[in-house]
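Have a look at the structure below before the remarks.
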Amino acid sequence: MSDHRPHHDIHRTIDAVWRMESARVIAGLVRMVRDVGLAEELAQDALVAALEKWPESGVPDNPAAWLTTTARNRAIDRLRHLKLRDQKHVEIAYELEQWQAEVDQHNGELLDDPVGDDLLRLMFISCHPVLPPESRVALTLRLLGGLETGEIARAFLAAEATVAQRIVRAKRTLAEANVPFEIPRREELPERLSAVLGVIYLVFNEGYAASSGDHWIRPGLCEEALRLGRVLAGLMPDESEVLGLVALMEIQASRLHARIGADGEPVLLLDQDRSRWDRLLVGRGLAALERAQRLGGALGPYALQAAIAACHARAVTAADTDWVRIVALYDALAQLSPSPVVELNRAVAVSMAFGPEAALGRVDALRDEPKLASYHLLPSVRGDLLFRLGRLGEARGEFERAAAMTGNTRERDLLLARAAECQP
């Protein structure tokens, strides 16, 4: 039956279906054809077919099944046209034909489709250690986020050609390395899961505090990372660190609307109107943190960071913040995952709990740390401590140094405004 809605409405529906279902379709195809690039190409072919047919036939009751079946039929045709040149193609074509025969016997319904397992495998493939970090991010957003190459490029302020090249190279690298489409073995899981979580949190952080450009936050990236985190938590409900990351992102995302003012200017944590925090997201985050802790994840790095975020979320006003507990949590985090950035954040907490003088020595000890040589938050934090100590000339120099180091124009304006406050 023809769908009588305007074609542009149908196309919007198809776009929404693609956003929601493309990862599932591609994941199922990768399991069958064992090639990420080919799977994405077949899925795109199915999308084109939907654009051609659904305006006339209507959107099917199970769009994902329609797209998967269409893509797998294309795969069978593709392999037949290759004349089954080698044994691998023979095996794959046989499996696809057997699957299609079973579907046909059951009136087109998908049988025993391990969607969860397939999505989980696709996550581990997209974040495989054989790929450089920037390629993991691009491929994850492409395959699991359903984002177009141009959207990814705009999100990270990169050239579209550069992002496209990264994605192509990533697919080629996975194929050449013959990466198996499987969940890592138990002994490999911690390292591989850490890579997956790291990619998701990297995407979230770029949305939460944009490293460059004219916008302080990019909510779309936060939403995409949070969606991926929730999917992962649904697929791995007993992994405490997955829940810890979701808890951390839920709580931090709750502040997004309060992080910018009426003109898009940054609003720092202690100055935010907490009535604008999203209490639903706070509640979800606290619930995820509680589940992580019940699973024994209280000492995981993401769960610890979520516990720090929870201290802020539970404080009705900035003055109510339990900074002593936050310092203790940072102490635990520094032992578990030592890094200069953790030490800098711990120094900030110390300054709030025990005064700026107690923290300045800690910050000064980080000034020769190579990993922080171009990190603008180091002079920014030091400037704030000096300002609070009344050493205004030194504070101004630090704020100006930080402003010169950041790539974000909104943050630069904020730091220069702080520098102007240091005038005698």
Tell me the relative contact order for region 181-319 as a rounded percent, counting alpha carbon contacts under 8 Å between residues six or more apart. 23
For V48, V59, what ranking results if the residue with the fewest other Cβ atoms within 10 Å of its Cβ goes first? V48, V59
On average, how much area does the Cα convex hull of region 320-424 cover when viewed from any direction, in nm²? 7.0
Might you report the magnitude of the Cβ-based charge dipole of region 115-183 about its Cα centre, with Lys and Arg at +1 and Asp and Glu at -1, to the nearest 20 debye? 200
Which value at 222 nm does the chain reach when only helices count, each DSSP H run of 4 or more adding -39,500 (n - 2.57), with the total divided by all residues and rounded to the nearest 500 deg cm²/dmol? -22500 deg cm²/dmol
Spin-label pair E369/L268, simplified geometry with 7 Å Cα→Cβ offset, distance in nm: 1.9
Based only on the alpha carbon positions, what is the Kirkwood hydrodynamic radius of region 230-304, in angstrom? 13.0
Which value does Rg/Rh take for the chain over its C-alpha atoms, Rh per Kirkwood? 1.04
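In debye, nearest 20: dipole of the chain around its Cα centre with unit charges on the Cβ of K, R (+) and D, E (-)?
Magnitude of the dipole: close to 720 debye.
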Report, in debye and to the nearest 20, how large the dipole of region 185-258 comes out about its Cα centre when Lys and Arg carry +1 and Asp and Glu carry -1 on their Cβ. 120
Express the relative contact order of region 115-183 as a whole percentage, based on alpha carbon pairs under 8 Å and six or more residues apart in sequence. 38
When a footprinting reagent is the concern and you count Cβ atoms within 10 Å, what order do F387, F399 take, fewest first? F387, F399
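Full-extension gain between R391 and A16, please, as 0.36 nm times their residue separation minus the C-alpha to C-alpha distance.
129.5 nm
Here, each number is a calculation from the coordinates, and none is a lab measurement. Predicted model, so just to flag it, every value in this text is computed and none were measured. We place every Cβ from the backbone using ideal geometry, glycine too, and count neighbours over all the protein chains shown.
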